[in-house]
1. Go through (1) part of a loop (DSSP other than H, G, I, E, B); (2) without any contact (Cβ under 8 Å) to a residue 24 or more places away in the chain; (3) within 23 Å of residue 323 (Cβ to Cβ) for residue 15 and report which single condition fails.
2. So residue 172 passes all but one of these: (1) open to solvent by 50 Å² or more (accessible area, probe 1.4 Å); (2) acidic (Asp, Glu); (3) in contact with a strand residue (DSSP E or B) (Cβ under 8 Å, 6 or more places away or on another chain); (4) modelled with pLDDT under 95. Which condition number does it fail?
3. If we keep just the residues of segment 21-35 that are open to solvent by 20 Å² or more (accessible area, probe 1.4 Å) and among the hydrophobic types (A, V, I, L, M, F, W, C), which is modelled with the highest pLDDT?
4. Looking at (1) open to solvent by 60 Å² or more (accessible area, probe 1.4 Å); (2) of a type outside the set (A, V, I, L, M); (3) modelled with pLDDT under 90, which is the only condition residue 386 fails?
5. Scan segment 246-267 and report the pairs whose first residue is in contact (Cβ under 8 Å) with a residue 12 or more places away in the chain and whose second residue is open to solvent by 60 Å² or more (accessible area, probe 1.4 Å) and not in a strand (DSSP E or B), with Cβ atoms within less than 6 Å and a gap of 6+ or a chain change.
6. Look at segment 21-40 and say how many of its residues are assigned to a helix (DSSP H, G or I) and touching a residue at least 12 places away in the same chain (Cβ under 8 Å).
7. With the requirement that a residue be of a type in the set (Asp, Glu) and under 9 Å from residue 114 (Cα atoms), what does segment 304-320 give you?
Amino acid sequence: MTAPAFAPETEERLALARQVADAVLFEGYVLYPYRASAAKNRLRWQFGVLVPPAWGAECEEHDFQHTECLMEPRAEASLAVEVRFLHARRRTVQRALPDGGFETVPELHLDDRVLVPWDEGAEERVELVAPVAQLTGDGVEFPFRKPAVEDTEPVLDATGRTVGRLVRRSAEVTGVVRLSASELDGPYRVLRLTAVVENTTPWTPPEGRAADRDAALPHSLVATHLLMALSNGSFLSMTDPPEWAKGAVAACRNLHTWPVLAGEPGRADLVLSSPIILEDHPAIAPESLGALYDATEIDEILALRTAALTDAEKREARGTDARAAAVIDLADSMPAEVLERLHGAVRGLREITGEPDGFPDEFGVTRPDTPWWDPASDAGFDPGQDRVMVDGRPVARGSRVELRPGLRHTDAQDLFLQGRTATVEAVLHDVDGAVHLAVTVDGDPGADIRREQGRYLYFQPDEVVLPEDPR
(Lines give C-alpha, C1' and ligand atoms only; values in the text may rest on other atoms or scores of the structure.)
Protein backbone atom coordinates (compact mmCIF):
# COMPACT_ATOMS: atom_id res chain seq x y z
CA MET A 1 0.00 0.00 0.00
CA THR A 2 1.18 3.50 -0.81
CA ALA A 3 0.08 7.06 -0.11
CA PRO A 4 0.84 8.87 -3.38
CA ALA A 5 -1.12 11.62 -5.06
CA PHE A 6 -4.22 10.22 -6.69
CA ALA A 7 -4.26 9.54 -10.43
CA PRO A 8 -5.83 12.41 -12.43
CA GLU A 9 -8.96 10.40 -13.27
CA THR A 10 -9.46 9.45 -9.61
CA GLU A 11 -8.84 13.01 -8.47
CA GLU A 12 -11.47 14.25 -10.94
CA ARG A 13 -14.07 11.85 -9.55
CA LEU A 14 -13.23 12.71 -5.96
CA ALA A 15 -13.38 16.45 -6.66
CA LEU A 16 -17.05 16.12 -7.65
CA ALA A 17 -17.87 14.11 -4.53
CA ARG A 18 -16.04 16.60 -2.29
CA GLN A 19 -18.69 19.22 -3.05
CA VAL A 20 -21.16 17.14 -1.04
CA ALA A 21 -18.49 15.96 1.41
CA ASP A 22 -17.70 19.61 2.20
CA ALA A 23 -21.30 20.06 3.32
CA VAL A 24 -20.82 17.09 5.66
CA LEU A 25 -17.46 18.39 6.84
CA PHE A 26 -18.82 21.79 7.79
CA GLU A 27 -22.32 20.75 8.90
CA GLY A 28 -23.06 22.80 11.98
CA TYR A 29 -19.62 24.43 11.87
CA VAL A 30 -21.11 27.78 12.90
CA LEU A 31 -24.84 28.25 13.37
CA TYR A 32 -27.10 31.25 12.88
CA PRO A 33 -26.75 33.98 14.17
CA TYR A 34 -23.08 33.13 13.47
CA ARG A 35 -21.76 34.70 16.67
CA ALA A 36 -19.46 32.99 19.16
CA SER A 37 -21.62 34.36 21.98
CA ALA A 38 -24.76 32.62 20.71
CA ALA A 39 -25.77 29.74 22.99
CA LYS A 40 -25.95 27.19 20.18
CA ASN A 41 -22.37 28.02 19.08
CA ARG A 42 -20.97 27.14 22.50
CA LEU A 43 -21.47 23.39 22.03
CA ARG A 44 -20.07 22.62 18.60
CA TRP A 45 -18.72 19.76 16.50
CA GLN A 46 -21.74 17.46 16.71
CA PHE A 47 -21.10 15.08 13.81
CA GLY A 48 -18.40 12.46 13.25
CA VAL A 49 -16.28 13.36 16.28
CA LEU A 50 -13.67 10.68 16.99
CA VAL A 51 -12.28 11.43 20.43
CA PRO A 52 -9.02 10.19 22.01
CA PRO A 53 -9.43 6.64 23.40
CA ALA A 54 -8.69 7.71 26.99
CA TRP A 55 -11.50 10.24 26.92
CA GLY A 56 -13.91 8.10 24.90
CA ALA A 57 -14.08 5.73 27.86
CA GLU A 58 -15.42 8.62 29.97
CA CYS A 59 -18.18 9.79 27.63
CA GLU A 60 -20.76 8.67 25.09
CA GLU A 61 -18.68 9.62 22.04
CA HIS A 62 -16.51 7.21 20.09
CA ASP A 63 -12.91 6.88 19.03
CA PHE A 64 -13.59 5.02 15.76
CA GLN A 65 -15.84 4.64 12.73
CA HIS A 66 -16.52 1.26 11.13
CA THR A 67 -17.72 1.08 7.53
CA GLU A 68 -18.78 -2.06 5.67
CA CYS A 69 -20.09 -2.14 2.12
CA LEU A 70 -20.10 -4.50 -0.88
CA MET A 71 -18.03 -4.10 -4.02
CA GLU A 72 -17.50 -5.95 -7.28
CA PRO A 73 -13.88 -5.23 -8.28
CA ARG A 74 -12.54 -6.24 -11.66
CA ALA A 75 -9.06 -7.49 -12.53
CA GLU A 76 -6.16 -5.60 -10.93
CA ALA A 77 -8.48 -3.03 -9.36
CA SER A 78 -7.13 -0.66 -6.74
CA LEU A 79 -8.94 1.21 -4.01
CA ALA A 80 -8.26 4.91 -3.40
CA VAL A 81 -9.26 6.12 0.06
CA GLU A 82 -9.44 9.66 1.38
CA VAL A 83 -10.14 10.31 5.05
CA ARG A 84 -11.25 13.88 5.70
CA PHE A 85 -11.75 15.60 9.03
CA LEU A 86 -11.43 18.92 10.79
CA HIS A 87 -8.54 19.59 13.17
CA ALA A 88 -9.62 22.07 15.86
CA ARG A 89 -7.37 25.13 16.17
CA ARG A 90 -7.86 27.07 19.39
CA ARG A 91 -7.67 30.79 18.69
CA THR A 92 -6.90 33.37 21.35
CA VAL A 93 -7.05 37.15 20.92
CA GLN A 94 -4.26 39.43 22.11
CA ARG A 95 -4.05 43.21 22.29
CA ALA A 96 -0.85 45.12 21.49
CA LEU A 97 0.79 46.91 24.42
CA PRO A 98 2.72 50.19 24.23
CA ASP A 99 5.98 48.39 25.10
CA GLY A 100 5.65 46.11 22.06
CA GLY A 101 4.28 43.14 23.97
CA PHE A 102 0.83 41.55 23.86
CA GLU A 103 -1.78 40.57 26.41
CA THR A 104 -4.64 38.08 26.02
CA VAL A 105 -8.07 39.74 26.04
CA PRO A 106 -11.67 38.46 25.79
CA GLU A 107 -12.38 40.66 22.75
CA LEU A 108 -10.73 43.17 20.45
CA HIS A 109 -12.85 45.86 18.77
CA LEU A 110 -12.14 46.97 15.20
CA ASP A 111 -14.17 49.18 12.88
CA ASP A 112 -15.76 46.28 10.99
CA ARG A 113 -15.59 43.38 13.47
CA VAL A 114 -15.14 42.27 17.05
CA LEU A 115 -12.52 39.54 17.44
CA VAL A 116 -13.20 36.94 20.13
CA PRO A 117 -11.67 33.58 21.14
CA TRP A 118 -12.94 30.75 18.95
CA ASP A 119 -12.15 27.22 17.80
CA GLU A 120 -11.48 27.20 14.07
CA GLY A 121 -11.51 24.02 12.01
CA ALA A 122 -8.62 23.24 9.67
CA GLU A 123 -9.39 20.65 6.99
CA GLU A 124 -7.12 17.59 7.09
CA ARG A 125 -6.84 14.74 4.59
CA VAL A 126 -5.27 11.31 4.71
CA GLU A 127 -4.86 9.77 1.24
CA LEU A 128 -3.88 6.21 0.42
CA VAL A 129 -4.13 3.73 -2.45
CA ALA A 130 -4.13 -0.05 -2.07
CA PRO A 131 -4.51 -2.86 -4.62
CA VAL A 132 -7.72 -4.74 -3.87
CA ALA A 133 -5.74 -7.99 -3.92
CA GLN A 134 -3.83 -6.83 -0.83
CA LEU A 135 -6.98 -6.23 1.18
CA THR A 136 -7.92 -9.89 1.64
CA GLY A 137 -6.75 -11.79 4.68
CA ASP A 138 -5.43 -9.49 7.39
CA GLY A 139 -5.79 -6.47 5.15
CA VAL A 140 -3.62 -3.37 5.40
CA GLU A 141 -3.05 -0.70 8.01
CA PHE A 142 -2.06 2.91 7.48
CA PRO A 143 -1.14 5.00 10.54
CA PHE A 144 -1.12 8.78 10.21
CA ARG A 145 -0.05 11.78 12.28
CA LYS A 146 -0.96 15.45 12.14
CA PRO A 147 1.55 17.50 14.16
CA ALA A 148 0.87 20.27 16.65
CA VAL A 149 1.04 23.72 15.08
CA GLU A 150 1.19 27.25 16.50
CA ASP A 151 1.04 30.40 14.41
CA THR A 152 0.26 34.06 14.85
CA GLU A 153 -1.54 36.56 12.63
CA PRO A 154 -1.18 40.31 13.15
CA VAL A 155 -4.35 42.35 13.52
CA LEU A 156 -4.24 45.76 11.80
CA ASP A 157 -6.63 48.66 12.13
CA ALA A 158 -7.94 50.77 9.23
CA THR A 159 -4.70 52.80 9.14
CA GLY A 160 -2.46 49.72 8.97
CA ARG A 161 -1.30 50.01 12.59
CA THR A 162 -0.82 46.74 14.53
CA VAL A 163 -3.39 46.69 17.33
CA GLY A 164 -3.18 43.04 18.27
CA ARG A 165 -2.70 39.52 17.03
CA LEU A 166 -4.45 36.17 16.79
CA VAL A 167 -2.65 33.13 18.19
CA ARG A 168 -3.77 29.75 16.87
CA ARG A 169 -2.72 26.47 18.43
CA SER A 170 -3.56 22.94 17.36
CA ALA A 171 -2.57 19.78 19.22
CA GLU A 172 -1.03 16.67 17.69
CA VAL A 173 -3.46 13.98 16.62
CA THR A 174 -2.67 10.46 15.47
CA GLY A 175 -4.85 7.81 13.93
CA VAL A 176 -4.96 4.69 11.82
CA VAL A 177 -6.94 3.53 8.78
CA ARG A 178 -7.53 -0.24 8.52
CA LEU A 179 -8.77 -1.76 5.26
CA SER A 180 -9.73 -5.38 4.68
CA ALA A 181 -11.94 -7.38 2.34
CA SER A 182 -13.47 -10.84 2.32
CA GLU A 183 -15.15 -12.67 -0.56
CA LEU A 184 -18.77 -13.70 -0.10
CA ASP A 185 -20.14 -17.11 -0.97
CA GLY A 186 -22.25 -17.26 -4.12
CA PRO A 187 -22.09 -17.18 -7.91
CA TYR A 188 -20.97 -13.54 -8.05
CA ARG A 189 -17.52 -12.26 -7.14
CA VAL A 190 -18.55 -9.84 -4.42
CA LEU A 191 -16.28 -8.60 -1.64
CA ARG A 192 -17.30 -7.16 1.67
CA LEU A 193 -15.05 -4.14 2.20
CA THR A 194 -14.31 -3.05 5.76
CA ALA A 195 -12.80 0.37 6.45
CA VAL A 196 -12.07 1.47 10.01
CA VAL A 197 -10.86 4.93 10.98
CA GLU A 198 -9.60 5.20 14.54
CA ASN A 199 -8.24 8.01 16.69
CA THR A 200 -5.12 6.72 18.46
CA THR A 201 -4.00 10.02 20.04
CA PRO A 202 -2.30 9.18 23.38
CA TRP A 203 -3.84 12.14 25.20
CA THR A 204 -5.30 11.74 28.67
CA PRO A 205 -7.65 14.17 30.41
CA PRO A 206 -6.06 16.47 32.97
CA GLU A 207 -6.76 15.42 36.53
CA GLY A 208 -10.14 16.64 37.62
CA ARG A 209 -11.32 17.31 34.04
CA ALA A 210 -12.32 13.79 32.97
CA ALA A 211 -15.67 14.93 31.60
CA ASP A 212 -14.45 18.12 29.91
CA ARG A 213 -15.33 17.78 26.22
CA ASP A 214 -13.81 21.16 25.46
CA ALA A 215 -10.39 19.89 26.55
CA ALA A 216 -10.68 16.78 24.35
CA LEU A 217 -11.72 18.49 21.11
CA PRO A 218 -8.23 19.69 20.02
CA HIS A 219 -7.12 16.05 20.20
CA SER A 220 -10.12 14.75 18.24
CA LEU A 221 -10.91 14.08 14.59
CA VAL A 222 -13.99 16.20 13.87
CA ALA A 223 -16.65 15.58 11.18
CA THR A 224 -14.73 12.49 10.06
CA HIS A 225 -15.84 10.83 6.82
CA LEU A 226 -14.45 8.63 4.04
CA LEU A 227 -14.34 8.80 0.26
CA MET A 228 -13.51 5.49 -1.45
CA ALA A 229 -13.06 5.02 -5.20
CA LEU A 230 -12.50 1.85 -7.22
CA SER A 231 -10.24 2.13 -10.25
CA ASN A 232 -11.98 -0.79 -11.96
CA GLY A 233 -15.29 -2.13 -10.71
CA SER A 234 -18.33 -0.93 -8.78
CA PHE A 235 -19.93 -0.74 -5.36
CA LEU A 236 -23.42 -1.96 -4.53
CA SER A 237 -25.98 0.43 -3.10
CA MET A 238 -26.55 -0.10 0.61
CA THR A 239 -30.01 1.50 0.47
CA ASP A 240 -31.30 -0.04 -2.77
CA PRO A 241 -29.28 -3.21 -3.44
CA PRO A 242 -30.24 -5.81 -6.07
CA GLU A 243 -32.50 -8.56 -4.77
CA TRP A 244 -29.73 -11.17 -4.68
CA ALA A 245 -27.54 -8.94 -2.47
CA LYS A 246 -30.09 -7.82 0.12
CA GLY A 247 -29.10 -10.49 2.64
CA ALA A 248 -25.40 -9.63 2.37
CA VAL A 249 -26.13 -5.92 2.67
CA ALA A 250 -28.23 -6.53 5.80
CA ALA A 251 -25.28 -8.39 7.33
CA CYS A 252 -22.91 -5.42 6.93
CA ARG A 253 -21.98 -3.59 10.13
CA ASN A 254 -21.79 0.19 9.96
CA LEU A 255 -20.98 1.91 13.23
CA HIS A 256 -21.14 5.71 13.61
CA THR A 257 -21.21 6.14 9.82
CA TRP A 258 -23.21 5.14 6.72
CA PRO A 259 -21.93 4.54 3.14
CA VAL A 260 -23.79 5.77 0.05
CA LEU A 261 -22.97 5.87 -3.63
CA ALA A 262 -21.53 9.27 -4.53
CA GLY A 263 -20.41 11.18 -7.61
CA GLU A 264 -22.27 11.33 -10.89
CA PRO A 265 -25.70 9.62 -11.00
CA GLY A 266 -25.53 6.39 -12.92
CA ARG A 267 -22.01 5.53 -11.73
CA ALA A 268 -21.24 3.21 -8.82
CA ASP A 269 -17.45 3.38 -8.47
CA LEU A 270 -17.37 5.90 -5.61
CA VAL A 271 -18.66 5.75 -2.03
CA LEU A 272 -19.05 8.44 0.62
CA SER A 273 -19.20 7.06 4.16
CA SER A 274 -20.65 9.81 6.30
CA PRO A 275 -21.69 10.31 9.94
CA ILE A 276 -24.80 11.99 8.52
CA ILE A 277 -27.17 9.57 6.77
CA LEU A 278 -27.59 10.53 3.11
CA GLU A 279 -29.27 9.06 0.05
CA ASP A 280 -27.35 7.64 -2.89
CA HIS A 281 -25.76 10.27 -5.14
CA PRO A 282 -26.42 13.25 -2.85
CA ALA A 283 -25.96 16.62 -4.48
CA ILE A 284 -25.85 20.28 -3.52
CA ALA A 285 -29.03 22.10 -4.51
CA PRO A 286 -28.33 24.24 -7.61
CA GLU A 287 -30.18 27.14 -5.95
CA SER A 288 -27.68 27.23 -3.07
CA LEU A 289 -25.33 30.15 -3.46
CA GLY A 290 -22.86 29.23 -0.74
CA ALA A 291 -22.36 27.38 2.52
CA LEU A 292 -24.51 28.58 5.40
CA TYR A 293 -23.30 25.79 7.75
CA ASP A 294 -26.62 25.62 9.60
CA ALA A 295 -27.94 22.06 9.89
CA THR A 296 -30.23 21.09 6.96
CA GLU A 297 -29.94 24.55 5.53
CA ILE A 298 -33.02 26.49 4.47
CA ASP A 299 -31.16 29.06 2.41
CA GLU A 300 -33.98 31.56 1.92
CA ILE A 301 -34.92 31.79 5.60
CA LEU A 302 -31.31 31.93 6.77
CA ALA A 303 -30.39 34.56 4.20
CA LEU A 304 -33.32 36.77 5.20
CA ARG A 305 -32.65 36.42 8.92
CA THR A 306 -28.92 36.99 8.48
CA ALA A 307 -29.52 40.16 6.48
CA ALA A 308 -31.79 41.36 9.30
CA LEU A 309 -29.06 41.17 11.98
CA THR A 310 -28.09 44.49 13.53
CA ASP A 311 -24.80 46.12 12.58
CA ALA A 312 -23.40 45.24 16.02
CA GLU A 313 -24.38 41.59 15.59
CA LYS A 314 -22.79 41.49 12.13
CA ARG A 315 -19.55 42.97 13.51
CA GLU A 316 -19.38 40.19 16.10
CA ALA A 317 -20.19 37.51 13.50
CA ARG A 318 -17.46 38.81 11.17
CA GLY A 319 -14.99 38.60 14.05
CA THR A 320 -16.09 35.10 15.04
CA ASP A 321 -14.75 33.25 12.00
CA ALA A 322 -13.76 33.93 8.41
CA ARG A 323 -16.48 31.55 7.25
CA ALA A 324 -19.08 33.37 9.33
CA ALA A 325 -17.88 36.66 7.83
CA ALA A 326 -18.41 35.20 4.36
CA VAL A 327 -22.01 34.28 5.25
CA ILE A 328 -22.71 37.85 6.43
CA ASP A 329 -21.21 39.29 3.24
CA LEU A 330 -23.20 36.83 1.12
CA ALA A 331 -26.51 37.78 2.77
CA ASP A 332 -25.76 41.51 2.56
CA SER A 333 -24.84 41.40 -1.13
CA MET A 334 -27.54 39.00 -2.37
CA PRO A 335 -29.67 40.66 -5.11
CA ALA A 336 -33.45 40.33 -4.82
CA GLU A 337 -33.51 38.27 -8.03
CA VAL A 338 -31.19 35.67 -6.49
CA LEU A 339 -33.19 35.54 -3.26
CA GLU A 340 -36.34 35.00 -5.31
CA ARG A 341 -34.73 31.97 -6.91
CA LEU A 342 -34.48 30.32 -3.48
CA HIS A 343 -38.23 30.49 -2.96
CA GLY A 344 -40.23 27.36 -3.64
CA ALA A 345 -38.00 25.34 -5.97
CA VAL A 346 -39.89 22.21 -7.04
CA ARG A 347 -37.46 19.95 -8.84
CA GLY A 348 -40.04 17.34 -9.79
CA LEU A 349 -41.65 19.83 -12.17
CA ARG A 350 -38.54 20.53 -14.24
CA GLU A 351 -39.24 17.67 -16.63
CA ILE A 352 -42.73 19.07 -17.21
CA THR A 353 -41.81 22.72 -17.58
CA GLY A 354 -38.55 22.10 -19.40
CA GLU A 355 -36.79 24.49 -17.02
CA PRO A 356 -33.05 23.95 -17.56
CA ASP A 357 -30.32 23.96 -14.98
CA GLY A 358 -27.81 26.77 -15.30
CA PHE A 359 -27.39 30.46 -14.58
CA PRO A 360 -28.13 32.42 -17.76
CA ASP A 361 -28.59 35.95 -16.42
CA GLU A 362 -26.26 38.31 -14.59
CA PHE A 363 -27.71 37.28 -11.23
CA GLY A 364 -27.46 33.53 -11.82
CA VAL A 365 -31.24 33.18 -12.11
CA THR A 366 -32.99 30.93 -14.63
CA ARG A 367 -36.32 32.38 -15.72
CA PRO A 368 -38.62 30.10 -17.76
CA ASP A 369 -40.72 31.68 -20.50
CA THR A 370 -43.93 30.70 -18.71
CA PRO A 371 -44.47 29.90 -15.03
CA TRP A 372 -45.15 26.28 -14.13
CA TRP A 373 -48.34 27.45 -12.42
CA ASP A 374 -50.50 30.36 -13.54
CA PRO A 375 -52.22 32.12 -10.62
CA ALA A 376 -54.86 33.44 -13.04
CA SER A 377 -56.23 29.92 -13.32
CA ASP A 378 -57.57 30.32 -9.77
CA ALA A 379 -60.47 32.22 -11.27
CA GLY A 380 -62.06 28.90 -12.20
CA PHE A 381 -62.25 27.69 -8.59
CA ASP A 382 -64.55 28.70 -5.75
CA PRO A 383 -63.93 26.92 -2.40
CA GLY A 384 -67.39 27.94 -1.19
CA GLN A 385 -69.26 26.52 -4.21
CA ASP A 386 -67.10 23.70 -5.60
CA ARG A 387 -68.17 20.08 -5.20
CA VAL A 388 -66.44 16.73 -5.12
CA MET A 389 -67.93 13.25 -5.40
CA VAL A 390 -67.79 10.97 -2.32
CA ASP A 391 -69.52 7.57 -2.44
CA GLY A 392 -71.20 8.68 -5.66
CA ARG A 393 -72.79 11.74 -4.08
CA PRO A 394 -71.70 15.40 -4.27
CA VAL A 395 -70.03 16.94 -1.23
CA ALA A 396 -69.74 20.70 -0.86
CA ARG A 397 -69.59 23.39 1.80
CA GLY A 398 -72.07 22.52 4.55
CA SER A 399 -72.03 18.76 3.87
CA ARG A 400 -71.54 16.41 6.82
CA VAL A 401 -68.97 13.64 6.47
CA GLU A 402 -67.51 10.90 8.66
CA LEU A 403 -63.72 10.99 9.01
CA ARG A 404 -61.70 7.90 8.12
CA PRO A 405 -58.12 9.31 8.19
CA GLY A 406 -56.31 6.05 8.91
CA LEU A 407 -55.69 5.37 5.21
CA ARG A 408 -52.35 7.21 5.07
CA HIS A 409 -51.32 7.32 8.76
CA THR A 410 -49.66 10.69 8.21
CA ASP A 411 -50.66 12.21 11.55
CA ALA A 412 -50.66 10.64 15.01
CA GLN A 413 -53.72 12.74 15.87
CA ASP A 414 -55.73 10.80 13.29
CA LEU A 415 -56.30 8.14 15.95
CA PHE A 416 -58.56 10.54 17.85
CA LEU A 417 -60.54 11.60 14.77
CA GLN A 418 -61.36 8.16 13.41
CA GLY A 419 -65.15 7.88 13.03
CA ARG A 420 -65.92 11.46 14.10
CA THR A 421 -68.39 13.45 12.03
CA ALA A 422 -67.42 16.81 10.61
CA THR A 423 -68.82 19.69 8.57
CA VAL A 424 -67.20 20.63 5.27
CA GLU A 425 -66.22 24.31 5.23
CA ALA A 426 -64.59 24.45 1.78
CA VAL A 427 -63.52 22.33 -1.18
CA LEU A 428 -59.98 23.28 -2.17
CA HIS A 429 -57.83 22.48 -5.21
CA ASP A 430 -54.04 22.63 -4.99
CA VAL A 431 -51.62 23.44 -7.82
CA ASP A 432 -50.94 19.74 -8.41
CA GLY A 433 -54.62 19.08 -9.13
CA ALA A 434 -55.43 17.31 -5.84
CA VAL A 435 -58.66 18.05 -3.96
CA HIS A 436 -58.80 18.70 -0.21
CA LEU A 437 -61.76 19.07 2.12
CA ALA A 438 -61.42 21.74 4.83
CA VAL A 439 -63.55 20.63 7.79
CA THR A 440 -64.48 21.45 11.37
CA VAL A 441 -65.20 18.53 13.70
CA ASP A 442 -68.77 18.39 15.00
CA GLY A 443 -68.90 19.10 18.70
CA ASP A 444 -65.57 20.94 18.70
CA PRO A 445 -66.03 23.89 21.13
CA GLY A 446 -63.46 25.83 19.12
CA ALA A 447 -65.21 25.40 15.77
CA ASP A 448 -66.38 29.02 15.61
CA ILE A 449 -62.84 30.26 16.26
CA ARG A 450 -61.49 27.95 13.57
CA ARG A 451 -63.99 29.34 11.06
CA GLU A 452 -63.13 32.91 12.01
CA GLN A 453 -59.39 32.30 11.64
CA GLY A 454 -59.62 29.89 8.70
CA ARG A 455 -57.72 27.22 10.66
CA TYR A 456 -59.33 23.99 9.47
CA LEU A 457 -58.44 20.31 9.39
CA TYR A 458 -57.79 18.97 5.90
CA PHE A 459 -58.62 15.58 4.40
CA GLN A 460 -58.70 14.14 0.93
CA PRO A 461 -61.98 12.75 -0.44
CA ASP A 462 -60.90 9.12 0.04
CA GLU A 463 -60.37 9.82 3.75
CA VAL A 464 -64.05 10.53 4.40
CA VAL A 465 -67.34 8.69 3.93
CA LEU A 466 -70.90 9.94 4.06
CA PRO A 467 -72.60 9.16 7.35
CA GLU A 468 -75.51 6.79 7.27
CA ASP A 469 -78.89 8.42 6.84
CA PRO A 470 -80.50 8.28 10.32
CA ARG A 471 -83.88 7.80 8.65
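1. (1)
2. Of (1) open to solvent by 50 Å² or more (accessible area, probe 1.4 Å); (2) acidic (Asp, Glu); (3) in contact with a strand residue (DSSP E or B) (Cβ under 8 Å, 6 or more places away or on another chain); (4) modelled with pLDDT under 95, only one is false for residue 172: (4).
3. Out of the qualifying residues, it is 26.
4. Checking residue 386 against (1) open to solvent by 60 Å² or more (accessible area, probe 1.4 Å); (2) of a type outside the set (A, V, I, L, M); (3) modelled with pLDDT under 90, the one that fails is (1).
5. Close Cβ pairs (under 6 Å, with a partner that is open to solvent by 60 Å² or more (accessible area, probe 1.4 Å) and not in a strand (DSSP E or B)) amount to 258/277; 263/16.
6. 5
7. 316
One line per residue, one yes/no per condition, for (1) open to solvent by 10 Å² or more (accessible area, probe 1.4 Å); (2) part of a strand (DSSP E or B); (3) under 18 Å from residue 64 (Cβ atoms):
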site	(1), (2), (3)
164	no, yes, no
189	yes, no, no
193	no, yes, yes
198	yes, yes, yes
214	yes, no, no
226	no, yes, yes
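The values are calculated or read from the model by the stated rules, or taken from the named source; none is laboratory data. None of the values given here were measured: they were computed from a predicted structure. All Cβ positions, glycine included, derive from the backbone under ideal geometry; neighbour counts span all protein chains shown. Keep in mind that these areas ignore ligands, DNA and RNA; they rest on the heavy atoms of the full protein, side chains included. Shrake-Rupley method; radii C 1.70, N 1.55, O 1.52, S 1.80 Å.
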